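K.L.:
Take a look at this one; I'll ask things after.
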Amino acid sequence: MNEFIEFFSFADANIRFVTVGSVLLATSSAVVGCFTLLRKRALVGDAVAHAVLPGVCLAFMLSGTKNPFILLLGAFVTGWLSLITIDFITSRSRIKEDTAIALVLSVFFGIGILLLTAIQHSGNAAQSGLDKFLFGKAASLVGEDLIAFSMVAVLLLVTTILFYKELAMLCFDKAYAKTIGYPVRGLELLLTTLTVFAVVVGIQAVGVVLMAAMLITPAAAARFWTDKLSLMLVLAALIGAFSGVSGAYVSYTAPAMPTGPWIVLIVSMIAILSFAFAPGKGWVSRLLRQRRNKTLILEENLLKLLYHLGEEKQDFQTSYSLQQILEKRAIPKKQVSAGLSKLRKQGYIEKTPAGWQLTLQGQRRGERVVRLHRLWELYLTQYLQLASDHVHEDAETIEHIITPELEQRLMEELGYPVLDPHSARIP
Amino acid sequence: MIIQVENPVVEVHDLTVSYDRKPVLWGIDLTLPAGSLVGVIGPNGAGKSTLIKAMMDLLPAGSGYVRIFDKPIAEVRNRISYVPQRESVDWDFPASVFDVVLMGSYGKLGLFKRPRQADKDAAMEALQKVGMQGFANRQISQLSGGQQQRVFLARALAQNADIYFMDEPFAGVDIATETAIIELLRTMREQGKTVIVVHHDLQSATEYFDWVVLLNMRLVASGPAEQVLTQHLLEQTYGGKLTVLTKVGELLRKQEFPARES
């Protein structure tokens, strides 16, 4: 707990720097990632992330220093090379893009690991810390590194915002963008460059292995909450920022821990929560909707049943016992009891000493369900030429979903009918 | 029957287009008159979409050239407008109907500039013309096929171009949308615009278009609708592919031959 307070008071300048740096990195890759995702190039981001490693190693081997600008440059070169290779393989051979991505990713990463191992065994004292590029270490973001990486991150954010309209159109409709004279090739190049840079700056915090998650996961999570592109960018940035802070925190409190996996776990948690709880599209709200439909069907079926009983007796003011209701239709007893007590609370039925009885409103609603059922049966026989003994099952479902407007249309099209196909009266 | 016109809006000269070295259009040579409703008609795989895409330089020409308003396409981009096939984009993109129609102003705005109030007004007007003003804030994934087509049309209208290329605007739309679209196209023609439409329904072709291009990998006919839509020419267009032509195309692909020597 003390550590928590110590960290979030930001009293230590070091903590401030690391936090600001991590947030910037995570935010910029999240924003760029939105366009990568919408351009359907999520996997490409992963390939670039892995392909960055040999570049970092080569830059170190050639220069002998860990100067962040030189390492960035090396990362950028091989990241770019991997993309060109993917494009080359797809356009010049029969190999499909997914296969090309898999090939390039493993080959580049393999070379990277080879070089990294060679460096570690070379006895070069300056090499310590280079392995941080594998899984990331936010806490090592200090001094010159911090300034370099943050500058690139800010540049990324500014460029993305500047080209917002152009990138959005490129992702939505590339052919159209070309016909109105936009430099589509240039814009694609720009987006690719942004993606490579986002990966390159992000690896300091997360590492090459898990970088794709920083690029894509915030965007995927944000997409669940909104249908507006601008809002999606903002949400992805916030999710990225949050994960950046948590990464810095973990890196500070547990120095032995690589930050990458922590950041990725946190981002993934947010994504899973989004899949589950986002309104409308989320899994929970879909479950709730299905549940609502089920109760609606049960309640309306019970009202319909009581109405049918009333119809037979030509008196809707009679009470029926639970037993009588169950005899009429095979619904599990537990469900019937629950449905009845709910309908009573809503004021559609009353409990009398003899059992259950429709109220006036209950009778009306039951009548409407019966009417819709019979109207739909009639519609099917007339417009779809179905035999009258084939329409009941279908009407059982449709009776619950027809809106008042559709009901009106049905009445008009059928000419305000009096009898259904089974010669029952349409109430 | 290939009728050439004086002062054409579109001139296609000896155009050959290949996919993966295999030519799908052979030596197309045609001119189109200004202010007309042009139907590009032919069977599946005839290269109808390929033709209009090549006209707009969306596909590279293996040989030949296209001139619009007697200029190379790059110089007249702001006077042309494209309505792509509905299925060519992902309608699950996070955008509203209004966002998409507003894209119609992007060409004139150029890079970096944000749409101004006047552009927004123009977008709203375009939506009104296609009867979709009530849907401006609707997410595009919630639209029906016909509504999606109208949105694409509105985007093109917002561009206020002089020549329109439309790829199958009548495909998979309801009757109401089809009628609304054809009404709109006629109004545009009256305003002196040229509209080139890829179309696959022969029944309505005579009624809709005043100039017809019949295509089946090669140009079969180009001329006024009543002269072109004859039994004889239609048989030539729909009577199956020319076997030799197809086989030679296959050979070019297999042997990795260029379509032209130089």
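Any read-out appearing in this document is the output of simple, stated calculations on the displayed coordinates, not a laboratory observation. All of these numbers come straight from a predicted model, not from anything done at the bench. Here Cβ is always computed from backbone atoms with ideal geometry, including for glycine, and neighbour counts include all displayed protein chains.
K.L.:
Based on alpha-carbon centroids, what's the gap between the range A:327-381 and the range A:135-164 in Å, whole number please?
P.N.:
Here the answer is 64 Å between Cα centres.
K.L.:
If you average the sequence gap of Cα pairs under 8 Å that are 6 or more apart and divide by the length of the range A:2-278, what percent do you get for the contact order?
P.N.:
The normalised contact order for the range A:2-278 reaches 33 percent.
K.L.:
If you average the C-alpha positions of the range B:1-80 and of the range A:290-320 separately, how far apart do those two centres end up, in angstrom?
P.N.:
66 Å
K.L.:
What FRET efficiency, computed as 1/(1 + (r/R0)^6) with R0 = 45 Å and r the Cβ-Cβ distance, is obtained for A:Asp315 and A:Val284, rounded to the nearest 0.05?
P.N.:
0.50
K.L.:
Excluding residues fewer than 8 places away in the same chain, name every one of the lysines whose C-alpha is closer than 29 Å to that of B:Lys129.
P.N.:
A:Lys165, A:Lys174, A:Lys178, A:Lys228, B:Lys48, B:Lys53, B:Lys108, B:Lys113, B:Lys120, B:Lys193
K.L.:
Short version: ³J(HN,Hα) in whole Hz for each residue of the range B:213-220, in order, from phi by Karplus 6.51 cos²θ - 1.76 cosθ + 1.60 (θ = phi - 60°), x for Gly and Pro, what are they?
P.N.:
Values, residue by residue: 10, 9, 9, 8, 6, 10, 6, 8 Hz.
K.L.:
Still on this structure, I have one more. Angle check, please: helix A:184-206 long axis (alpha carbons) against the longest principal axis of chain A (alpha carbons), in degrees 0 to 90, nearest 10.
P.N.:
It is inclined by approximately 80 degrees.
K.L.:
Size of the dipole of the protein assembly as shown about the Cα centre, Lys and Arg at +1 and Asp and Glu at -1 on the beta carbon, nothing else charged, in debye to 20?
P.N.:
1380 debye
K.L.:
If you take all C-alpha pairs in chain B, what percent of them are over 30 Å apart?
P.N.:
30 percent
K.L.:
Around B:Val66, what is the net charge, scoring Lys/Arg as +1 and Asp/Glu as -1 over all other residues with Cβ under 9 Å from its Cβ?
P.N.:
After counting each charged neighbour, the total is -1.
K.L.:
Could you please report the charge total around A:Phe133, scoring K, R as +1 and D, E as -1 over all other residues with beta-carbon less than 15 angstrom from its beta-carbon?
P.N.:
Here the count lands on +1.
K.L.:
Another question, if that's okay. For the range B:47-194, what percent of Cα pairs sit more than 27 Å apart?
P.N.:
Distances greater than 27 Å cover 21 percent of the Cα pairs.
K.L.:
Moving to a separate point now. What share of the DSSP beta bridges in the protein assembly as shown is antiparallel, in percent to the nearest 5?
P.N.:
The antiparallel proportion sits near 55 percent.
K.L.:
How many partner chain Cβ atoms sit within 10 Å of a residue's Cβ in peptide B:68-80, on average, as a whole number?
P.N.:
Mean partner shielding for this stretch: 1.
K.L.:
OK, next. On a 0 to 90° scale, report how tilted helix A:229-253 is relative to the longest principal axis of chain A, with both axes built from alpha carbons and the result rounded to the nearest 10.
P.N.:
For A:229-253 against chain A, the angle is about 60 degrees.
K.L.:
Using a Förster distance of 35 Å, how high is the FRET efficiency between A:Ser423 and B:Ile175, based on the Cβ-Cβ distance and rounded to 0.05?
P.N.:
Approximately 0.50, to the nearest 0.05.
K.L.:
Now for a separate question. Based on Cα positions only, what radius of gyration and what Dmax would you give for the range A:2-278, in angstroms?
P.N.:
Taking only Cα atoms of the range A:2-278, I get Rg and Dmax of 18.4, 60 Å.
K.L.:
Report, as an integer, the average count of C-beta atoms from other chains found within 10 Å of each Cβ along A:228-235.
P.N.:
Taking all residues of A:228-235 together, the mean is 2.
K.L.:
Same structure, new question: How far apart, in nm, are the 7 Å Cα→Cβ label points at A:His121 and A:Ala11?
P.N.:
Simple spin-label model gives 4.8 nm for this pair.
K.L.:
Moving on. Measure nothing fancy, just the Cα-based angle from helix A:211-223's long axis to the longest principal axis of chain A, in degrees from 0 to 90, nearest 10.
P.N.:
Long axis of A:211-223 versus the principal axis of chain A: about 30 degrees.
K.L.:
Can you give the mean number of other chain Cβ atoms that lie within 10 Å of the Cβ atoms in peptide B:90-101?
P.N.:
Per residue, the number of nearby Cβ atoms from other chains is 4 on average.
K.L.:
Give me P(r) over the protein assembly as shown, computed from all C-alpha to C-alpha distances, binned every 20 Å, as integer percentages.
P.N.:
15, 33, 32, 19, 2
K.L.:
When A:Phe242, A:Phe10, A:Phe4 are ordered from fewest to most other Cβ atoms inside 10 Å of their Cβ, what list results?
P.N.:
Ascending Cβ contact count within 10 Å gives the list A:Phe4, A:Phe10, A:Phe242.
K.L.:
Still on this structure, please answer the following. All other residues with a Cβ under 12 Å from the Cβ of B:Gly39 taken together, and with Lys, Arg as +1 and Asp, Glu as -1, what is their net charge?
P.N.:
Local charge sum for B:Gly39: -3.
K.L.:
Also, I was wondering about something else. Among A:Leu303, A:His422, A:Pro332, flag the residue with its Cα farthest along the positive direction of the charge dipole of the range A:282-427, charges on Cβ as +1 for Lys/Arg and -1 for Asp/Glu.
P.N.:
A:Pro332
K.L.:
Ignoring everything except DSSP H segments at least 4 long, calculate the 222 nm mean residue ellipticity for the protein assembly as shown; use -39,500 (n - 2.57) per segment, divide by total residues, nearest 500.
P.N.:
Helix contribution divided over all residues of the protein assembly as shown: -19000 deg cm²/dmol.
K.L.:
Between the range A:4-22 and the range A:49-83, how far is it from one alpha carbon centroid to the other, in angstrom?
P.N.:
29 Å
K.L.:
Something else about it: Using label points projected 7 Å from each Cα along Cα→Cβ, tell me how many nm separate B:Leu202 and A:Ser268, to one decimal.
P.N.:
Modelled inter-label distance: 5.9 nm.
K.L.:
Also, I was wondering about something else. Out of B:Ser222, B:Val212, B:Gln149, whose Cα points farthest toward the positive end of the dipole of the range B:118-223 (charges: +1 Lys, Arg; -1 Asp, Glu; placed on Cβ)?
P.N.:
B:Gln149
K.L.:
Okay, next question. Which residues in the range B:47-65 place their backbone N less than 20 Å from a point set 7 Å from the Cα of B:His13 along the Cα-to-Cβ direction?
P.N.:
Label zone hits: B:51-65.
K.L.:
Same structure, new question: List the aspartates and glutamates whose alpha-carbon lies under 17 Å from that of A:Lys342, not counting same-chain residues fewer than 8 positions away?
P.N.:
By straight Cα distance, A:Lys342 reaches A:Glu299, A:Glu300, A:Glu350.
K.L.:
Based on Cβ point charges of +1 for Lys and Arg and -1 for Asp and Glu, what charge dipole magnitude is obtained for the range B:1-130 about its Cα centre, in debye rounded to the nearest 20?
P.N.:
260 debye
K.L.:
Something else now. Please give the FRET efficiency for B:Gln236 paired with A:Ser91, using the beta carbon to beta carbon distance and R0 = 45 Å, rounded to the nearest 0.05.
P.N.:
For B:Gln236 and A:Ser91, the calculated efficiency is 0.80.
K.L.:
May I pose another question? Enter the per residue convex hull volume of the range A:282-427, computed from alpha-carbon coordinates, in Å³ rounded to the nearest integer.
P.N.:
135 Å³
K.L.:
Quick one: if you take sqrt(5λ) for each eigenvalue of the C-alpha gyration tensor of the range A:310-374, what semi-axes come out, biggest first, whole angstrom?
P.N.:
Ellipsoid semi-axes (Å, largest first): 17, 14, 13.
K.L.:
With a point put 7 Å past each Cα toward its Cβ, work out how far B:Arg189 is from A:Lys342 in nm, to one decimal.
P.N.:
Each label point lies 7 Å from its Cα, and together they span 5.9 nm.
K.L.:
What lysines sit close enough to A:Lys66 to cross-link, taking a C-alpha to C-alpha distance under 24 Å and skipping anything fewer than 8 places away on the same chain?
P.N.:
A:Lys132, A:Lys137
K.L.:
Compute, for the range A:2-278, the length of the dipole vector about the Cα centre, with Cβ point charges of +1 (Lys, Arg) and -1 (Asp, Glu) only. Units Debye, rounded to 20.
P.N.:
That gives a dipole near 720 debye.
K.L.:
May I pose another question? Working from the pairwise distances between different alpha carbons, so that the mean of 1/r is found and then inverted, what is the range B:117-228's Kirkwood radius in Å?
P.N.:
The answer is 15.2 Å.
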